[in-house]
Amino acid sequence: MIPDHTEQWLGQQVAESIIVKKRVCTGKTGLHTLRVLEQKIAHAAGINGSIHLDVIDDPQVNAFTMPGRRIVLLRGLIEASRTSDEVAGVMAHETGHVFYHDSMQLLVRLLGLSVLETVITGGSWSLSADLATQMLGLHYNRRQEERADKAAIWFLDKAGLRSDGLAHFFETLEKREEHSLSVEFLSDHPATIVRRHANPGSSSGASAMSDKDWQAVRRVCDEKTSTTDNDEDE
């Protein structure tokens, strides 16, 4: 029921409160590769409108979505991934949250419908940095996570890409958990091993990117700036 332009505006509010305070990665080739891949996944999902993707220079193994079709990957997640297909699996999972407007539901849960009614009807309101931080601290429920997992497999298969990357990424997380290494991604979600077995995906299909492009993605944070890359998604 929330108009797309309102969700876009709210997403911009969250981004301005959170992302601009972080070191955003600006490696052009790596960002281009990730954004092209994301648009391919979004097209397979049938999502109307482009998805904006940023990479933040942060060592946490994490990724998240914001309202207004925004996805953020953290450097630690890219570094922890063994292959480009693992990153593609995570991106497809986050695209599932975009598809189902899950981040918008989190914002409704945090702010309440009265505030959103004010925004929709043109009232004056702005999202504070504290509220934006609180939103990112909220977790999707089990149902939302499970359907985002299934959507990831569906989107990758439809895009003609191999869809076993998400399961391999879960395996990577399991190994890190065994050694008590920092893992924020899916930290409050259903058991990783359960999700790996429930969403094996398929090894058929094209790899997410070439070896050359994968190396560029691995170096995406070699160039850094304190503000977001405002170029349009390619």
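Taken together, the values in this text are just the output of simple stated rules run on the coordinates, not laboratory data. All values reported here derive from a predicted model rather than from experimental measurement. Positions of Cβ are backbone-derived with ideal geometry, glycine not excepted, and every protein chain shown enters the neighbour counts.
Which log10 I(q)/I(0) values, to two decimals, does segment 1-77 give at q = 0.13, 0.21, 0.25 Å⁻¹ under the Debye formula with one point per Cα?
Debye curve over Cα of segment 1-77, log10 I(q)/I(0) at q = 0.13, 0.21, 0.25 Å⁻¹: -0.41, -1.03, -1.28.
What does the charge count near SER204 come to, summing +1 for each Lys or Arg and -1 for each Asp or Glu among other residues with Cβ under 14 Å from its Cβ?
-1
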